[in-house]
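The structure under discussion appears below in the form of structure tokens.
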Amino acid sequence: MTTEIADCGAAGVSKAVELLKKGAVAAIPTETVYGLAANALNANAVRDIFKAKGRPQDNPLIVHIASIKMLPPLVKEIPDIAYKLAERFWAGPLTMIFKKSEIIPDVTSGGLDTVAVRMPECTAAREIIKKCGFPLAAPSANLSGRPSPTTAKHVFDDMNGRIPLIIDGGECKVGVESTVICFKEQKIHILRPGGITAEMLSEFGEVEVDKAVTAEPAKNERVLSPGMKYKHYSPKADVFIVNAHGKQFLEYCLKRSRFENGLIALGAGVAEDGCFMDYGTTSEIQAQRLFALLRKADEMNAKTVLVEKPTTDGVGLAVYNRLLRAAAFREIEPARK
Ligand code: TXA
Ligand code: MG
């Protein structure tokens with residue numbers, strides 16, 4: 001199969017809609033990362049997403065809608081707080097989990113009795129959903145285990161020959177996947193941190209961050225969000241988080257780079273020189289650049305990537321969560337003087 005890249009203007013949108021209506025898979029831009037979309041209500045179409053990605057069957061997909069009107073048929077009930085959060089944060093990078101209705105096929109929900117729903121902010125994405133007239137299931141458009149794609153080129157690198165069409169909407173604004181929440185004992189429970197932060201959600205009720213967000217799940221432990229248990233976001237290089245900042249981070253990386261080939265260091269606001277690449281001084285910029293830099297490290301044949309530990313508040317928690325998985329939870333504490 002040849003893979004076409006079309007821009008997100010009217011012609012591209014129509015092409016995507018035509019394919020999706022036929023039950024095919026197409027990659028679409030969103031404000032978080034690119035998604036690999038198909039009709040969420042068509043089990044065969046959704047099966048093809050799993051095939052294209054090489055994704056484990058028990059990992060459920062997020063269902064994307066274009067307006068709040070599309071939500072009630074997908075779910076059994078909508079708690080009041082969900083309406084309040086939708087009003088404030090939709091369209092945007094927030095995914096909410098509900099009890100699913102009968103029209104959601106089991107393959108879409110990975111066999112769970114719940115369904116994850118979000119309304120993307122990206123206009124092209126919503127346009128495509130609206131014109132299709134059905135919700136789109138869309139995981140991130142990377143091969144399973146690889147860093148999520150934040151440009152159409154990233155999608156092409158992973159999906160060339162596997163899907164017919166990629167809609168190019170430019171660089172994703174947020175850069176990490178949406179915040180995933182469920183409602184547990186009256187609390188807002190964060191399963192995956194993202195652009196809508198714990199601090200932002202706390203205006204609406206008590207917020208709890210699932211322990212799997214920052215802790216390595218024990219073998220065979222049941223996790224609330226199946227995606228948490230898989231190794232994720234991994235470039236081919238070995239990634240390590242380095243808990244040192246400024247001069248101490250620079251010195252640690254420089255010392256190692258003298259003895260190691262293929263070492264790249266991602267520092268917050270470092271001068272791009274030698275092995276150093278800048279991944280930004282704010283959590284928002286770090287989120288936006290992280291996956292692209294991990295992919296770039298691969299293109300440069302890096303063997304080791306050392307990343308300065310991000311802050312863990314605000315969007316920083318999302319950056320840290322993705323990095324922990326890319327690094328298989330390996331964090332280095334350079335000896336303190
Ligand atoms: O920003 C995003 O959310 C992107 C764009 C394309 O919208 N999509 C995305 O999808 O990140 P994916 O499939 O890569 O990640 C979905 C996450 C997984 O960790 C999955 O386990 C979790 O959401 N999830 C989906 N349905 C769930 C459910 N019913 N219960 C618990 N977790 C669920
Ligand atoms: Mg993903």
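State whether region 240-303 is rounded, prolate or oblate according to the following rule on the C-alpha gyration tensor (a ≥ b ≥ c being the square roots of its eigenvalues): a/c under 1.5 gives rounded; otherwise a/b larger than b/c gives prolate, and the remaining case gives oblate.
Oblate, because a/c is 1.5 or more while a/b does not exceed b/c.
Can you list the aspartates and glutamates whose alpha carbon sits under 19 Å from that of Lys84, skipping same-chain ones fewer than 8 residues off?
Glu121, Glu185, Glu199, Glu203, Glu206, Glu208
Calculate the FRET efficiency for Ala215 and Asp113 from the Cβ-Cβ distance with a Förster distance of 25 Å, rounded to the nearest 0.05.
0.45
Considering only DSSP beta bridges with both partners in the chain, what is the antiparallel share in %, to the nearest 5?
Once the DSSP bridges in the chain are tallied, antiparallel ones form about 40 percent.
If the only charges are +1 at each Lys and Arg Cβ and -1 at each Asp and Glu Cβ, what is the size of the charge dipole of region 102-245 around the Cα centre, to the nearest 20 debye? Provide the component values of the computation, followed by the final result.
Values: 17 positive and 19 negative charges, 77 e Å.
With only Lys, Arg, Asp and Glu charged at Cβ, the dipole is about 360 debye.
Quickly work out the Thr311-to-Glu185 label distance, labels modelled 7 Å from Cα along the C-beta direction, and quote it in nm with one decimal.
3.1
Using the beta-carbon distance between Lys131 and Asp273 and R0 = 45 Å, what value does 1/(1 + (r/R0)^6) give for FRET efficiency, to the nearest 0.05? Write down the numbers at each step before the final one.
Details: r = 48 Å, r/R0 = 1.07.
Plugging the Cβ-Cβ distance into 1/(1 + (r/R0)^6) gives 0.40.
Taking the dipole about the Cα centre of the chain, with the C-beta of Lys and Arg at +1 and of Asp and Glu at -1, give me whichever of Thr2, Thr311, Val63 is farthest to the positive side.
Final value for the positive-end residue is Thr2.
Show which lysines lie in cross-link reach of Lys247 when reach means a straight Cα distance below 17 angstrom and same-chain residues fewer than eight apart are skipped.
Here the lysines satisfying the reach criterion relative to Lys247 are Lys255, Lys309, Lys337.
Using helices alone, what [θ] at 222 nm do you get for the chain, with -39,500 (n - 2.57) per DSSP H run of 4 or more residues, divided over all residues and rounded to the nearest 500?
Helix contribution divided over all residues of the chain: -8500 deg cm²/dmol.
Tell me the angle of helix 10-21 to the major Cα principal axis of the chain, expressed in degrees between 0 and 90 and rounded to the nearest ten.
Taking Cα atoms only, the helix is inclined about 70 degrees.
Within a Cβ distance under 11 Å of Pro235, other residues only, what is the Lys/Arg minus Asp/Glu net charge?
+2
Give, in nm to one decimal, the length gained when the segment between Lys21 and Thr3 is fully stretched (0.36 nm per residue of separation minus the Cα-Cα distance).
4.7 nm
Which three extents, in whole angstrom, do the alpha-carbon atoms of region 206-337 cover along their principal axes, largest first?
43, 31, 29
With only Lys, Arg, Asp and Glu charged, each at its Cβ (+1 for the first two, -1 for the last two), find how big the charge dipole of region 9-157 is about the Cα centre; round to the nearest 20 debye.
I would put it at about 280 debye.
Give the cross-link partners of Lys15 among the aspartates and glutamates, using a straight C-alpha distance below 14 Å as the criterion and excluding same-chain residues fewer than 8 apart.
Qualifying aspartates and glutamates at Cα under 14 Å: Glu4, Asp7, Glu127, Asp168.
Could you please report the charge total around Ile81, scoring K, R as +1 and D, E as -1 over all other residues with beta-carbon less than 13 angstrom from its beta-carbon?
Here the charged neighbours net out to -2.
With the Cα gyration tensor of region 265-337 giving a ≥ b ≥ c as the square roots of its eigenvalues, does the rule (a/c under 1.5 for rounded; else a/b larger than b/c for prolate; else oblate) give rounded, prolate or oblate?
The shape class here is rounded.
Filter the GluC sites (Glu not before Pro) in region 249-321 to those in DSSP coil with at most 14 other Cβ atoms within 10 Å of their Cβ, and list the result.
Glu260, Glu272
Loop-only trypsin sites (Lys or Arg not before Pro) in region 14-62, please: DSSP not H, G, I, E or B, and at most 15 other Cβ atoms within 10 Å.
On the way: sites: Lys15, Lys21, Lys22, Arg47, Lys51, Lys53; in loops: Lys22.
Those that pass, being in a loop and sparsely packed, are Lys22.
Would you mind calculating the gained length between Lys76 and Val223 on full extension (0.36 nm times residue separation, minus the Cα-Cα distance), in nm to one decimal?
50.7 nm
Would you mind computing, in nm to one decimal, how far apart the modelled labels at Ala328 and Lys69 are, each placed 7 Å from Cα along Cα→Cβ?
5.0
So, for region 4-213, what is the accessible surface per residue at a probe of 1.4 Å, expressed in square angstrom?
That works out to 39 Å² per residue.
Net charge near Arg295: determine it from the other residues with C-beta under 14 Å of the C-beta of Arg295, scoring Lys and Arg +1 and Asp and Glu -1.
So the surrounding residues net to +1.
Angle check, please: helix 43-53 long axis (alpha carbons) against the longest principal axis of the chain (alpha carbons), in degrees 0 to 90, nearest 10.
Orientation of helix 43-53: about 20 degrees from the principal axis.
Please state the charge dipole magnitude for the chain, taken about the Cα centre, from unit charges on C-beta atoms (+1 on K and R, -1 on D and E), reported in debye and rounded to the nearest 20.
Numbers: 44 positive and 40 negative charges, 141 e Å.
The dipole magnitude comes to about 680 debye.
Evaluate Rg over Rh across region 114-215, taking Cα atoms for both radii and Kirkwood's formula for Rh.
A ratio of 1.01.
If I fit a long axis through the Cα atoms of helix 283-299 and take the longest principal axis of the Cα atoms of the chain, what angle between them do I get, 0 to 90°, rounded to 10?
In the chain, helix 283-299 runs at an angle near 80 degrees to the longest axis.
Could you check what % of the DSSP bridge pairs in region 179-283 are antiparallel, to the nearest 5? Walk me through the intermediate numbers first.
Values: 5 of 11 bridges.
Antiparallel: roughly 45 percent of the beta bridges in region 179-283.
Could you bin all the Cα-Cα distances of the chain into 10 Å bins starting at 0 and give me the percent of pairs in each, rounded to whole numbers?
6, 26, 34, 23, 9, 2, 0
I need the shape label for region 1-110. Rule: rounded when a/c is under 1.5, else prolate if a/b > b/c, else oblate, with a, b, c from the alpha carbon gyration tensor.
oblate
Which Cα, out of Thr281, Ala292, Ile332, lies furthest along the positive dipole direction of region 238-332 (beta carbon charges, K/R +1, D/E -1)?
Checked the options; the winner is Ile332.
Set the Förster distance to 25 Å, then compute FRET efficiency between Met300 and Asn160 from the Cβ-Cβ distance, nearest 0.05.
Plugging the Cβ-Cβ distance into 1/(1 + (r/R0)^6) gives 0.75.
Sorting check: for 97-107, 129-139, 29-39, which peptide has the highest mean count of neighbouring beta carbons within 10 Å, and how do the rest follow?
Highest to lowest by the protection proxy: 29-39, 129-139, 97-107.
Filter the trypsin sites (Lys or Arg not before Pro) in region 55-85 down to the DSSP loop ones having no more than 16 other Cβ atoms within 10 Å, then list what survives.
For trypsin sites (Lys or Arg not before Pro) across region 55-85 that sit outside H, G, I, E and B with at most 16 neighbouring Cβ atoms in 10 Å, the list reads Lys76.
The values are calculated or read from the model by the stated rules, or taken from the named source; none is laboratory data. What you are looking at is a predicted structure, and each value in this text was computed from that prediction instead of being measured. FYI the Cβ positions are ideal-geometry reconstructions off the backbone, even for glycines, and counts take in every protein chain you see. Ligands, DNA and RNA are excluded from the accessible area calculation, which covers all protein heavy atoms including side chains. Shrake-Rupley method; radii C 1.70, N 1.55, O 1.52, S 1.80 Å.
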